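Notes for the one structure printed next.
The values are calculated or read from the model by the stated rules, or taken from the named source; none is laboratory data. Since the model is a prediction, treat every value here as computed from it, not as a measurement. Heads up, the Cβs are rebuilt from the backbone with ideal geometry, glycines too, and the neighbour counts pull from every protein chain shown. With ligands, DNA and RNA removed, areas are computed over all heavy atoms of the protein, side chains included. Shrake-Rupley method; radii C 1.70, N 1.55, O 1.52, S 1.80 Å.
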Amino acid sequence: QVQLVESGGGLVQPGGSLRLSCAASRNIFSINIMGWYRQAPGKQRELVATVTSGGSEDYADSVKGRFTISRDNAKNTVYLQMNSLKPEDTAVYYCNLRVISVDFWGQGTQVTVSS
């Protein structure tokens, strides 16, 4: 079993930045996808960004140009740099690790964008 530990959420003003981190508790299979999803109150969980173990990135249209996903394979860690944050980015952000067809999830970290 793999545990994912997230950090970096919080309260930020519109236009501000936050960086989320997610570390896997042990070495993970070399071929995998790590990513971030988010869920706002009353809405379904949605994809924010993913990055493969080979470095290919994918983003939701709503965050393109503002968010950047990256990973450090040696540390089994994925990051999400969020810039130019908007109130509509407010949500609980979940880290995800997909190995073949098995999904692992973090506990979630709250991001609130408000003045």
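Quick notes on this one:
- For the stretch 15-47, the set of residues classified as of a type in the set (D, E, K, R), open to solvent by 30 Å² or more (accessible area, probe 1.4 Å) and touching a residue at least 60 places away in the same chain (Cβ under 8 Å) consists of ARG19 only.
- Cross-chain or 6+ apart pairs with Cβ under 8 Å, the stretch 64-77 first and under 19 Å from TYR93 (Cα atoms), then open to solvent by 70 Å² or more (accessible area, probe 1.4 Å) and modelled with pLDDT under 90: ASN76/ARG26; ASN76/ASN27
- The strands (runs of 3 or more DSSP E) located wholly in the stretch 14-71 that include 1 or more residues which are at pLDDT below 95 occupy 18-24, 33-39, 46-52.
- Scope the stretch 53-71; condition among the hydrophobic types (A, V, I, L, M, F, W, C) and surrounded by fewer than 20 Cβ atoms within 10 Å (Cβ to Cβ); matching residues: ALA60
- Considering residues of the stretch 72-81 that are modelled with pLDDT under 95 and surrounded by fewer than 18 Cβ atoms within 10 Å (Cβ to Cβ) only, the residue nearest to ALA40 (Cα to Cα): THR77
- The residue that is nearest to the chain's Cα centre (by Cα), among those in the stretch 82-93 that are surrounded by 15 or more Cβ atoms within 10 Å (Cβ to Cβ) and either among the polar types (S, T, N, Q) or assigned to a strand (DSSP E or B) (or both), is TYR93.
- Matching option when the condition is under 20 Å from LEU11 (Cβ atoms) and open to solvent by less than 60 Å² (accessible area, probe 1.4 Å), among THR50, THR109: THR109
- Among (1) within 19 Å of VAL2 (Cβ to Cβ); (2) at pLDDT 95 or above; (3) surrounded by fewer than 12 Cβ atoms within 10 Å (Cβ to Cβ) - the single one ASN96 does not satisfy: (3)
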